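For reference, the structure is listed below as structure tokens.
The values are calculated or read from the model by the stated rules, or taken from the named source; none is laboratory data. Because the structure is a prediction, the values reported are computed rather than measured. Backbone-built Cβ (ideal geometry, glycine too); neighbour counts: all protein chains shown. Quick note on the areas: whole protein, heavy atoms, side chains included, nothing else; ligands and nucleic acids left out. Shrake-Rupley method; radii C 1.70, N 1.55, O 1.52, S 1.80 Å.
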Amino acid sequence: MLSLLAKLNWPFLVLWAAVALSGVCIDRYRRSRRFGKLRGCQTSHKQAQVKDPFIGLDFIHERVIRGLSGRRLLDCIEKFKQYGSTYSVDRLTYQVVQTCDPENLKQVLATGFDDFALPSSRVSVMGELLGSGIFTLDGDLWSHARAILRPSLAKHKMDRLPSILEHHVQQFLTHIPRQGEEVDLQPLFFELTMDIATEFLMGYSSNMLDPSRKREKEQQFFDDYMLCSEEAIKKMSYGPLRFFRLNLAATKAKKRVFKYMDEYIEECFERQDGTAEMTDKENAFQEIASAITDRQSLRDQLLHFLLASRDTTASLLSNLFFVLAKNPQTYARLRSEVLSKVAFETPTFSGLRDIEYLRWCVNESLRLHPVIPSNGREATRDTTLPRGGGTDGKSPLFLRKGAVVLYNVFSMHRDPAIFGDRVDEFVPERWSGLRPGWGFLPFSGGPRVCVGQHFALIETYYLVTRIVQTFERLESKDPREWVELPGLAMTCRNGNKVGLYQA
Ligand code: HEM
Ligand SMILES: *[C@@H]1O[C@H](CO)[C@@H](O)[C@H](O)[C@H]1NC(C)=O
């Protein structure tokens, strides 16, 4: 080995490396010049200081350590204040741009959609832990998956929803003490949305909240699947070092998740044969299963669909009740608005949409605690962002092929230029007359906009209304602030401990 090193012609090698490096630099420079001229790009003057330009250890350290402390997203806001709403964190190997500018989000998600793909880190990590479904697919495979899943959420398919919601919310209410005794709503919301999503999407419910059921299997599935999604998030924050992260527990959990899903699907098929109601087109499972014949893809797609619909809605409910419990006057106003519109009746969907204050509260929760707080895309060719170049950051910015754009909805949602003052507080009233456009993106936008937005909102309105009708007062039992728990959907790390008083 040593003799081999000695034999090498070192001056020649160094020369060769220098030529190659300058070649890369010149190529990059020419590409950016060409584009710059074309679209008026300026170089970025907003550069975050980088201690380790090779693999980005400082960036990884920040995400991991600050993630543990639950302050990662608040730190992001500070960074944007320091460097501007679009700044670069360049490595020698690839370009990273952080942004919370609505113009840039619009470009990445909609106007420039074809120039971007999902980041490769997300595809590999999520694919490894949760299989390959709509959240990891791009191009034709993605449009195909979307075309299969979307019709199951069409308006006329919603007819079945009210009775599903009513049944499960009643089960949910039996788990809540009536005289202000402490209860953690967070796990109950996760079980509730699981029961609803499985019934709506798969045709029969996991019934986690049914007191008469033995729930070990469901509980195991639930825990396993949480472990997988937490591991996915942790792995992603390790960046290029993720390959060194081995988690045997997660690998085992993944196997059990897949097994559970396979058995569930098997049971869905059996039940269908039993009832012979194959003409019943209302069932999402039947539709999806008839479009995807391969069992493994069917399982992966359904798992992603379940994940998309369940964790997100549970997190929204939990985040909303967290802030409502801290703001008793807002809860009182919400309750009186609900009662003035629908009294104690079973709500109808059109009745729910009439309760303006309820919609303000939900929007405000999604603003303050967006369930998917940050996300990213990777440039598939040389392209540009409309903002981030020049000394003031207002000129277009050149992006090399492979550049990663990390867009931060959490920070954007706390921009006073868009939302006015008291951005760190829960103020539903601010939504009176507010039209933030691309400044408010809880469900994303463009061709990959959430397919379940309508479903999620109506589900949330319904559940909140039923709970608010039942309880006159809601109080927080936890003096601590809301602290982020990073997951595939973001909730409060300390749960949601409250007391409720029946009317
Ligand atoms: C409060 C509830 C919800 C929130 C905040 C939410 C948010 C989002 C966001 C931000 C995305 C974009 C992700 C990305 O581009 O990487 C998304 C995608 C998606 N959502 Fe939702 N979602 C919610 C509920 C639902 C429900 C109930 C369903 C299904 C019944 C659903 C199905 C989907 C699907 C299938 C996608 C992938 C779309 C695609 O890539 O084409 N979501 N959601
Ligand atoms: C809530 O936000 C959406 C944008 O996602 C907007 O269209 C809607 O009007 C807002 N609702 C209210 C009541 O302001």
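Summary table
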quantity	calculated
Given (1) over 21 Å from the mean Cα position of the chain (by Cα); (2) in a strand (DSSP E or B); (3) at pLDDT 95 or above, number of the condition residue 389 does not satisfy	(3)
Selection status of residue 373, surrounded by fewer than 23 Cβ atoms within 10 Å (Cβ to Cβ) and within 16 Å of ligand 1 (Cβ to nearest atom)	yes
Pairs where the first residue, in region 198-223, is farther than 18 Å from residue 186 by Cα and at pLDDT 85 or above and the second is within 16 Å of ligand 1 (Cβ to nearest atom) and part of a loop (DSSP other than H, G, I, E, B), C-beta under 6 Å, 6+ apart	198/205; 198/206; 199/205
Selection count, region 468-481, where residues are within 22 Å of the chain's Cα centre (by Cα) and modelled with pLDDT of 95 or more	0
Conditions (1) in a loop (DSSP other than H, G, I, E, B); (2) open to solvent by less than 60 Å² (accessible area, probe 1.4 Å); (3) at pLDDT 95 or above: number failed by residue 175	(2)
Residue match in region 203-214 (condition: over 18 Å from residue 491 (Cβ atoms) and not in a loop (DSSP other than H, G, I, E, B))	no
Residues of region 152-165 that turn out to be at pLDDT 90 or above and either open to solvent by 20 Å² or more (accessible area, probe 1.4 Å) or among the acidic types (Asp, Glu) (or both), as a count	2
Some residue of region 130-150 being away from ligand 1 (no atom under 15 Å from the Cβ) and either in contact with a Cys (Cβ under 7 Å, 6 or more places away or on another chain) or open to solvent by 30 Å² or more (accessible area, probe 1.4 Å) (or both)	no
Pair list, Cβ under 6 Å, 6 or more apart: region 76-104 residue open to solvent by less than 50 Å² (accessible area, probe 1.4 Å), other residue aromatic (Phe, Trp, Tyr) and part of a strand (DSSP E or B)	98/87; 99/407
Qualifying residues in region 482-503 (those that are more than 16 Å from ligand 1 (Cβ to nearest atom), open to solvent by 10 Å² or more (accessible area, probe 1.4 Å) and within 16 Å of residue 187 (Cβ to Cβ)) - the one farthest from the chain's Cα centre (by Cα)	497
Residue in region 355-391 that is nearest to ligand 2 (Cβ to nearest atom), counting only those that are of a type in the set (Lys, Arg) and more than 26 Å from residue 427 (Cβ to Cβ)	377
Some residue of region 210-217 being touching a helix residue (DSSP H, G or I) at 6+ places or on another chain (Cβ under 8 Å) and crowded, with 18+ Cβ neighbours inside 10 Å	no
Check on residue 448, open to solvent by 30 Å² or more (accessible area, probe 1.4 Å), at pLDDT 95 or above and within 16 Å of ligand 2 (Cβ to nearest atom)	yes
Qualifying residue in region 67-89 (condition: among the polar types (S, T, N, Q), at pLDDT 70 or above and in contact with a helix residue (DSSP H, G or I) (Cβ under 7 Å, 6 or more places away or on another chain))	yes
Filter result (more than 21 Å from the chain's Cα centre (by Cα) and open to solvent by less than 70 Å² (accessible area, probe 1.4 Å)) within region 404-422	418, 419, 420
Scope region 235-258; condition at pLDDT 85 or above and crowded, with 17+ Cβ neighbours inside 10 Å; matching residues	235, 250, 253, 254, 256, 257, 258
